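Notes follow the structure.
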Amino acid sequence: MIRQAMTDHAYQEPEFRAHPSRAAVAMILADGDDELEVCFIRRATREGDPWSGQVAFPGGRAGPDDADAHAVAERETWEEIGLTLGTHHRIGPLPMRTIDRPDLREPMILTPFVYYVDQPTRQTAFARLPEEVAHVFWVPLTHLFDATAVTELEYSIAENRRTFPGIQFGDHVIWGLTLRVLDSFAEITERTLPALEGTHW
């Protein structure tokens, strides 16, 4: 179902250039004990990182040797969590997003991709770069669409404190850009994220 939905919504990838203003992330699906689960990381707390301590998908900025956005997502996934992604793991791209925050030096273009890995591959994931990734964890797909998991989080961007919608999973809150990427996935698979239902954020 997910693979077919992604095929039916074939997004055109933007023209790529190997520049730090371009970034890519991997939304990785894998079979859990009872259902599909999604891989998330909690970024390490460190000065100078705009997303310090936040929940995210594996990924990051383009490097000079990256041939395309897929290469960015796959290289960063290996560097951050030691999980090797290849062309046979690719399900499809999600709509790119422009990131324009007052605390960034310049706007960024983010290209998210959906991947699927089997359980043996999934089990290789770990926090390979502890200075960048504090924790790797997997969330059941149904939990992301569970209305009882909806929460809010207060966060300051450029000294402007705001309240954002989120999804609670244990001690983690999935919110911000990562929640927006999940919203794109939900729309393609014809679902609604309860965390964003009725919001204008």
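The values are calculated or read from the model by the stated rules, or taken from the named source; none is laboratory data. Everything numeric here is computed off the predicted structure, so don't read it as measured data. Quick reminder, even Gly has a Cβ in these numbers, built from the backbone with ideal geometry, and neighbours come from all protein chains shown.
Quick look at the values:
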{"read-out": "One residue from Glu79, Glu37 being under 18 Å from the mean Cα position of the chain (by Cα), closer than 15 Å to Ala24 by Cα and at pLDDT 95 or above", "value": "Glu79"}
{"read-out": "Index of the failed condition, Asp118 passing every other in (1) under 21 Å from Thr7 (Cβ atoms); (2) surrounded by 13 or more Cβ atoms within 10 Å (Cβ to Cβ)", "value": "(2)"}
{"read-out": "Test for Thr98: is it surrounded by fewer than 17 Cβ atoms within 10 Å (Cβ to Cβ), modelled with pLDDT under 90, under 24 Å from Ile188 (Cα atoms) and in contact with a Leu (Cβ under 9 Å, 6 or more places away or on another chain)", "value": "yes"}
{"read-out": "Near pairs, Cβ below 6 angstrom, 6+ apart or cross-chain, from segment 179-190 (free of Cβ contacts under 8 Å to residues at least 24 places away in the same chain) to any residue that is buried (at least 19 other Cβ atoms within 10 Å of the Cβ)", "value": "Asp183/Leu193"}
{"read-out": "Subset tally (residues that are closer than 20 Å to Val114 by Cβ and either in a helix (DSSP H, G or I) or within 18 Å of the chain's Cα centre (by Cα) (or both)) for segment 182-201", "value": "13"}
{"read-out": "Of all residues making up segment 115-143, the number that are closer than 19 Å to Phe169 by Cβ and either touching a Gly at 6+ places or on another chain (Cβ under 6 Å) or not β-branched (Val, Ile, Thr) (or both)", "value": "11"}
{"read-out": "Tally, over segment 165-181, of residues that are in a helix (DSSP H, G or I) and not charged (D, E, K, R)", "value": "5"}
{"read-out": "Residue satisfying all of: in segment 143-181; of a type in the set (Phe, Trp, Tyr) and under 18 Å from the mean Cα position of the chain (by Cα); surrounded by the most Cβ atoms within 10 Å (Cβ to Cβ) among these", "value": "Trp175"}
{"read-out": "Lone unmet requirement of (1) over 27 Å from Phe126 (Cβ atoms); (2) exposed (fewer than 12 other Cβ atoms within 10 Å of the Cβ); (3) in contact with a Gly (Cβ under 8 Å, 6 or more places away or on another chain) for Thr45", "value": "(1)"}
